[in-house]
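Q: What follows is a structure written as structure tokens; I'll ask about it next.
What follows draws every value from the coordinates through simple rules; no lab data is involved. Small disclaimer: the values here were computed from a predicted structure and weren't measured. Every residue, glycine among them, receives a Cβ derived from its backbone with ideal geometry; neighbour counts consider all protein chains shown.
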Amino acid sequence: MGMHQGFIAADVPLDRLVAAINSHVSKLETREARRSLDEMDLEPKNDGWPMAIGERDGKAYILDTSLVLSSAHDLIPALSADLGGAIVVGAGAETTSGSYWLFAARNGKAIRSYWNCYTDMRQPWSKGEPLASEAAQHLEDLDGDGLRAAAASLGLDYDGWSRSGPFLSLFYSAETFPQAGPVAEEFNTFHASVRIPESQQPKPTAIRRDGGGVDLVPAGSPAALAAKPEKKGLFGLFGRK
């Protein structure tokens, strides 16, 4: 299946990143150590989202199952300022709607911002110079490879952490959410100018992935056009004939 999560990476130790985020939302709580991401229960709960966090080589990484923190337009620059100018990245994708986002900041200033949603946008919102990785790898990829490569180009090896850890359980109680600010306002103005009317928005279509399995993506999106359609349609996902 495609990517349905986000991540935050920062050039600071774990405890500093958690404290900085908790100054904007309520709240993140670190819990027990785990041997791998696979053994964690990351399903959403009634009172919030279980997530994962870890520190590797003095840099902190969060697996954001909520999709809320990594996609908050103004949070990443604010965290970078709070953390004394550290590089902070928030990125992720929800490929059923064809949504992809990347926010990278240094010294409290955005250095790269990107958001696209094939369900309701005619063109992406893109600010700042493309990162070094983007010359070889587009940010939009069903498995998030381009987003992780973008973070790696800024010295934040999310892939290395997600493979090898160490891992701690993390819980976001979501009593409060990140506040919108000028970046969100700018995005919302742009979004209104390129929004696809609801009656014209593409519906999800099932595609067959290389190596097996199927995924749902917006009809007409690059992922749908590049893949072979799943002939059984949606019912095929559930074993119906």
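Q: If you build a Gaussian network model of the chain, linking Cα atoms that sit under 10 Å apart, which residue out of D74, D143, D47 swings the most?
A: D47
Q: Just give me a number: lysine pairs in the chain, eight or more positions apart or cross-chain, with C-alpha atoms less than 27 Å apart.
A: Qualifying lysine pairs in the chain: 13.
Q: Over the chain, with a Gaussian network built from C-alpha contacts below 10 Å, which listed residue (S164, S80, S199) shows the highest mean-square fluctuation?
A: Of S164, S80, S199, the Gaussian network model singles out S199 as fluctuating most.
Q: Let me ask you something else. Could you go through the stretch 134-139 in sequence order and give the Karplus-derived ³J(HN,Hα) for each residue, using 6.51 cos²θ - 1.76 cosθ + 1.60 with θ = phi - 60°, rounded to whole Hz, and x for Gly and Pro?
A: Working through the residues one at a time gives 5, 5, 10, 9, 5, 5 Hz.
Q: Also: Once amide H atoms are built 1.01 Å from N in the peptide plane, which residues 5 or more positions from V214, or in another chain, come under 5 Å H to H?
A: Under 5 Å from the amide H of V214: R209.
Q: If you wrap the stretch 4-190's Cα atoms in a convex hull and average its projection over all directions, what's the area in nm²?
A: Average projection, Cα convex hull of the stretch 4-190: 9.9 nm².
Q: So for the chain, averaging the separation of alpha carbon pairs under 8 Å that are six or more residues apart and normalising by length, what relative contact order in percent results?
A: Reported relative contact order: 25 percent.
Q: Within 11 Å, Cβ to Cβ, of R16, how many net charges do the neighbouring residues add up to if Lys/Arg are +1 and Asp/Glu are -1?
A: Here the count lands on -3.
Q: Taking the Cα centre of the chain as the origin, how large is its charge dipole in debye, to the nearest 20, when only Lys and Arg (+1) and Asp and Glu (-1) carry charge on their Cβ atoms?
A: For this selection, approximately 680 debye.
Q: With an 8 Å cut-off on Cα pairs and a minimum separation of 6 or more residues, tell me the relative contact order of the stretch 1-68 in percent.
A: With pairs under 8 Å counted, the relative contact order is 48 percent.
Q: For the stretch 122-168, run through the trypsin sites (Lys or Arg not before Pro) and keep only the ones in DSSP coil with at most 11 other Cβ atoms within 10 Å of their Cβ.
A: R122
Q: Per residue of the chain, what 222 nm ellipticity follows from adding -39500 (n - 2.57) for every DSSP H run with n ≥ 4, rounded to the nearest 500?
A: -6000 deg cm²/dmol
Q: Can you give me the long-range amide H partners of Q5? Hydrogens built in the peptide plane at 1.01 Å from N, cutoff under 5 Å, separation of 5 or more residues or another chain.
A: HN-HN under 5 Å from Q5: A93.
Q: Work out how far the C-alpha atoms of the stretch 79-212 reach from end to end along every principal axis, then list the three figures in whole Å, largest first.
A: 45, 42, 37
Q: Name the residue from G54, A219, P197 whose Cα lies farthest towards the positive end of the charge dipole of the chain, charges +1 on Cβ of Lys and Arg and -1 on Cβ of Asp and Glu.
A: Looking along the dipole axis, the top candidate is A219.
Q: Taking the Cα centre of the stretch 41-161 as origin, work out the dipole magnitude from +1 charges on Lys and Arg Cβ and -1 charges on Asp and Glu Cβ, in debye rounded to 20.
A: That gives a dipole near 480 debye.
Q: Give me, ordered by chain and number, the residues 5 or more places off S99 or on other chains with an amide H under 5 Å from its own placed amide H.
A: E94, Y118
Q: Follow-up question, since we're still on this one. Rank L28, L63, L102 by mean-square fluctuation in a GNM of the chain with C-alpha springs under 10 angstrom and give only the top-ranked residue.
A: Of the options given, L28 has the highest mean-square fluctuation.
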